[in-house]
Amino acid sequence: MPAEMPADVHPAVRDVVTVKLPADSAYLSVLRTATAGLAARLDFTLDEIEDLRIAVDEACAMLLPQAVPGTDLECQFELTGEAMRIAVSVLTVDGLVPSRETFAWTVLSALAGDVDSTVGADDRVIVMLQKRRGATGAK
């Protein structure tokens, strides 16, 4: 089941790109590169692009330790005129969302802007990020 954001949250979706790769940290460089390329397409600044690369990497770092061995990590990017929404998800062994009381969550929130998490079907944990181009607080 793909990691999808609620339909009522994004009325002006321009493009949707989904990347699926093995749930292994060895493949995260592919995801960081895809994130940077898509953010550049939306004319994010270099600092905003780097923030998104790090945020996606951090979201994956939260999810990979609880991934079911041999499964895939899925990342869905929704590109709108002024923002990028990203949903990173993986089937987990326990279905627990990352704690919001950790330093990692604080860093993720600072880098991405809006951050949330949820549990979908079959204990698929989803971390959702949204970064607006030129948003207050962006570097």
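The values are calculated or read from the model by the stated rules, or taken from the named source; none is laboratory data. Quick caveat, the model's predicted, so the values are computed rather than measured. Cβ sites come from the backbone with ideal geometry, for glycine too, and all protein chains shown count toward neighbours.
Is at least one residue of region 102-110 assigned to a loop (DSSP other than H, G, I, E, B), over 20 Å from residue 35 (Cα atoms), without any contact (Cβ under 8 Å) to a residue 24 or more places away in the chain and out of contact with any Ser or Thr (no Cβ under 8 Å at 6 or more places or on another chain)? Break it down into steps so the answer makes sense when it comes.
First pass over region 102-110, keeping only residues assigned to a loop (DSSP other than H, G, I, E, B): 102.
With the extra rule that they be over 20 Å from residue 35 (Cα atoms), the set shrinks to 102.
Among the residues that remain, those that are also without any contact (Cβ under 8 Å) to a residue 24 or more places away in the chain are: 102.
Okay, now just the ones that are also out of contact with any Ser or Thr (no Cβ under 8 Å at 6 or more places or on another chain), so 102.
The answer is yes, given that some residue of region 102-110 is assigned to a loop (DSSP other than H, G, I, E, B), over 20 Å from residue 35 (Cα atoms), without any contact (Cβ under 8 Å) to a residue 24 or more places away in the chain and out of contact with any Ser or Thr (no Cβ under 8 Å at 6 or more places or on another chain).
Let's see how each residue does on (1) crowded, with 22+ Cβ neighbours inside 10 Å; (2) modelled with pLDDT of 95 or more; (3) closer than 20 Å to residue 48 by Cβ:
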site	(1), (2), (3)
76	no, yes, yes
81	no, no, yes
106	no, no, yes
109	no, no, yes
119	no, yes, no
124	no, yes, no
132	no, no, yes
135	no, no, yes
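Report yes if some residue within region 95-104 is at negative phi, in contact with a helix residue (DSSP H, G or I) (Cβ under 9 Å, 6 or more places away or on another chain), surrounded by 14 or more Cβ atoms within 10 Å (Cβ to Cβ) and modelled with pLDDT of 95 or more; otherwise report no. No, every residue in region 95-104 fails to be at negative phi, in contact with a helix residue (DSSP H, G or I) (Cβ under 9 Å, 6 or more places away or on another chain), surrounded by 14 or more Cβ atoms within 10 Å (Cβ to Cβ) and modelled with pLDDT of 95 or more.
Residues in region 37-92 that are in a strand (DSSP E or B) and acidic (Asp, Glu) were compared, and the one that is farthest from the chain's Cα centre (by Cα) is 72. The residue list 79, 28, 52 contains one member that is of a type outside the set (Phe, Trp, Tyr) and touching a Cys at 6+ places or on another chain (Cβ under 6 Å), which is 28. Contact annotation: residue pairs with Cβ atoms under 9 Å, 6 or more positions apart or on different chains, pairing a residue in region 17-31 that is on the phi < 0 side of the Ramachandran plot and of a type in the set (Asp, Glu) with a partner that is surrounded by 13 or more Cβ atoms within 10 Å (Cβ to Cβ) and modelled with pLDDT of 95 or more, are 24/64; 24/67; 24/73.
Scanning region 45-94 for residues that are more than 16 Å from residue 32 (Cβ to Cβ), in contact (Cβ under 8 Å) with a residue 60 or more places away in the chain and β-branched (Val, Ile, Thr) gives 45, 80, 90.
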